[in-house]
Every structure is written in structure tokens, then in C-alpha cells.
Amino acid sequence: MQAIKTIVTKQCLRFCKLLFVCFSLIQTHRIFAQEYNCANEIFQSIQLKDTAFIRQLTAISNNTSNNKPTASILEIPIVVHVLHLGEPIGTGSNIADQVIYDAVKGANERWRKLNTTEGVDMEVQFCLAQFDPEGNPVNGIVRKDASGIPNYSQYGISYIGAFGEPGSDEIATKNFSNWPHNYVYNLWVVNKIAGNWGGYAFFPVGGEYSTDGVVIIANSMKYIYSTLAHELGHGMSLFHTFQGDDGGNCPANDLCFIQGDWICDTPPHRQSDCNNSSCNNSPDSLYSMKNIMSYCNARGMFTQGQKDRVRTSIFNTSRKQLLFSHACIGMATDISRTVKTNDP
């Protein structure tokens, strides 16, 4: 009887292990499946026809002046506006505080190279505002029931270039909850984006947009997803690494500093190229396909060229104002305030 029990036990263990492996594979597939693409590829084709946008971006790319950041770590204060549909906190689009804290932590880990051995530390990080524009202590999260905004509940927020895609008016939706752009960098968590995108963000060049900031769907605002880190990259002047892929063609790259993604150490590749690239068969192509700014599942790194672009952009655009904001630390003269921590 003891032998029979041993055999049964071993069979059960094998079966349980098999179930565990299958479950892990399913969960891994779900993680990758939730990484929706972003709408930047739609509206940036419009921005690239804007002479002011091109002029300022070219100036950043060719910046050889001393007007560059000298501080080791640049910190950008952010506020997260949760535009929910009236659900209780922690359900549906009204995601819990802890989910937001974790998502910001994950984005910072990706930007600071804390979860990979590849790429560079961007030496840029993001902090949730601890004080609102009036100086009142907050946790960096604002919640608003946006279900009454026309078209928002059914279609989500619209955006520049969303032709034929119904959705709520972008300006009206963002102004429903919008903090001063010289005080914080705004992030809007929405129920959906017209066209079924995962997020988008504007470059800080070509003019000061009232809609400036990151938009991200609630389902993608998670620690395990790289969507937030990706959209923050756009917000700090990074294109997709496959920028210039027009219907599956290899992006032009003869002049790497003004073609493709305008960065020379991220070789051109097609959007769908994630294991090898016929556009560039050098080992350097992995810098693009493993890049946070790609659409590849294994994305997790930034390059030195991207770091230079981001830090120069922050210091030479409206983003520079955020370096002097007191949103995360409060006014130095006000000793009565106690700074909250959002770090779990």
C-alpha cells in the first residue's frame, strides 16, 4: 500500500507541476497581451509637418551649448488624474492608490536601470506630488467621475489625429482635472482611448499644449507593464525606435540625427522586428528591439543617445520649469508641513 501511495503522490506532483507551468505561460501571455500600442504613431505624423516642432527638435538634437543639466539626478513631479466612471475606488477604471504607486515605482525602476543589466541609467525619475498648487498636503492622486463627459464612457478620450474615431473632446476631458504645467507633469488615467490605444503623450516642443501630459488606460497602469515608462519617454522627447516605419518599410537612417527616431545608437527597424532586423543586421539592432520605446515584449532598456536627448530636452524646453517645482518637497520656508511618502 505504501508503494501505491508513493506512485500516486509522484503522479500528483508531476500533474501539479504541469498545471503550474501552463498557468505561468498563460499569465505571461496575458502580461504581453495587455501591452497595448500607443497613439503617438498617429498624431506625430501631423507634428512632423509642423515647422515649429521640427525647428525646436532640431535645436535640441544639435545642442552643443553649455545649457545642459549638470545635476546627476533630474526629478520630475507628477500628478495622476483618475478619470473614472463612478466606480468605487479599487474597481474598474477607478484604480486603487496602491496600483498607482506601484506603476510609478515600476516606471522609475525602468528609467533608473534597476531591473535590468542592459542599457543606461537615465538619471531621471518621477515623484508623485506631495502638495497641490495651493500648498495643501496631497498624495499626488486626483479622482474625478468623468462619466458625464459626452462620449467618454462609451468611447474614451479622443486625441489629435483621431479622424473617424468617436471619443470625448480631448481639451474638455483633460481640463476636467488639470494642474498647472509649470508645477507638475500631468498624467491622466482613463477608461479607454478612442481607437483602442494603450496611451500617448506629447513632446515638449512645437508649442505649449493645454493638453500636454501622459494619457494611459487604467488596465495598463501596472507595475509589471512598461507602458507608463514608454509614454513618459514620449513626454520627454523620445520617438518610437521604429519611427519612420511606413507600412512595414525600413525607416530612413542615412542621417541618423534627423531621420528615424533622430537618435544614432538606436538603429532603424520595422515595428514588427523584435528578434532580428533586416534593416540593420548589426548587434546594435538589439538596442532598438529591446528598447522601452519599441513595441517588443522584451523591452526594458534605454541607450546613451536617448539619455542625452531626454536630459537636454528637459533643460531646453518647458520641462525645465518642473525642476524648480516644490510639488514633491514643499516650500523650504514652511517647516510646519510634513511630506507624505507614496513609496510602498
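Matching residues to (1) assigned to a loop (DSSP other than H, G, I, E, B); (2) buried (at least 16 other Cβ atoms within 10 Å of the Cβ):
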{"residue": "143", "(1), (2)": "no, yes"}
{"residue": "159", "(1), (2)": "yes, yes"}
{"residue": "166", "(1), (2)": "yes, no"}
{"residue": "173", "(1), (2)": "no, yes"}
{"residue": "178", "(1), (2)": "yes, yes"}
{"residue": "183", "(1), (2)": "yes, yes"}
{"residue": "188", "(1), (2)": "no, yes"}
{"residue": "196", "(1), (2)": "yes, no"}
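Using the structure shown, decide if residue 212 is closer than 22 Å to residue 45 by Cβ, of a type in the set (Asp, Glu), under 16 Å from the mean Cα position of the chain (by Cα) and assigned to a loop (DSSP other than H, G, I, E, B).
yes
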Practice problem: Give just the number: which of (1) open to solvent by less than 30 Å² (accessible area, probe 1.4 Å); (2) over 18 Å from residue 235 (Cβ atoms); (3) of a type outside the set (D, E, K, R) does residue 101 not satisfy? | Solution: (1)
Self-check item: Single unsatisfied condition, residue 237 versus (1) within 30 Å of residue 85 (Cβ to Cβ); (2) within 12 Å of the chain's Cα centre (by Cα)
Solution: (1)
Quiz item: Which of the residues that make up region 260-299 are small (Gly, Ala, Ser), surrounded by fewer than 20 Cβ atoms within 10 Å (Cβ to Cβ) and at pLDDT 90 or above?
Solution: 272
Quiz item: How many residues does region 104-132 hold that are open to solvent by less than 50 Å² (accessible area, probe 1.4 Å), more than 21 Å from residue 290 (Cβ to Cβ) and not in a strand (DSSP E or B)?
Solution: 4
Quiz item: From 153, 147, which residue is modelled with pLDDT of 95 or more and surrounded by fewer than 16 Cβ atoms within 10 Å (Cβ to Cβ)?
Solution: 147
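Say whether the condition of being modelled with pLDDT under 90 and over 23 Å from residue 115 (Cα atoms) is met by at least one residue in region 313-330.
yes
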Quiz item: Within region 265-285, can one find any residue that is of a type in the set (S, T, N, Q), under 20 Å from residue 124 (Cα atoms) and not in a loop (DSSP other than H, G, I, E, B)?
Solution: no
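The values are calculated or read from the model by the stated rules, or taken from the named source; none is laboratory data. As the structure is a prediction and not an experimental result, all values here were calculated from the model. Note that each Cβ is placed from the backbone with ideal geometry, even for glycine, and that neighbours are counted across all protein chains shown. SASA here: full protein model, heavy atoms, side chains in, ligands and nucleic acids out. Shrake-Rupley method; radii C 1.70, N 1.55, O 1.52, S 1.80 Å.
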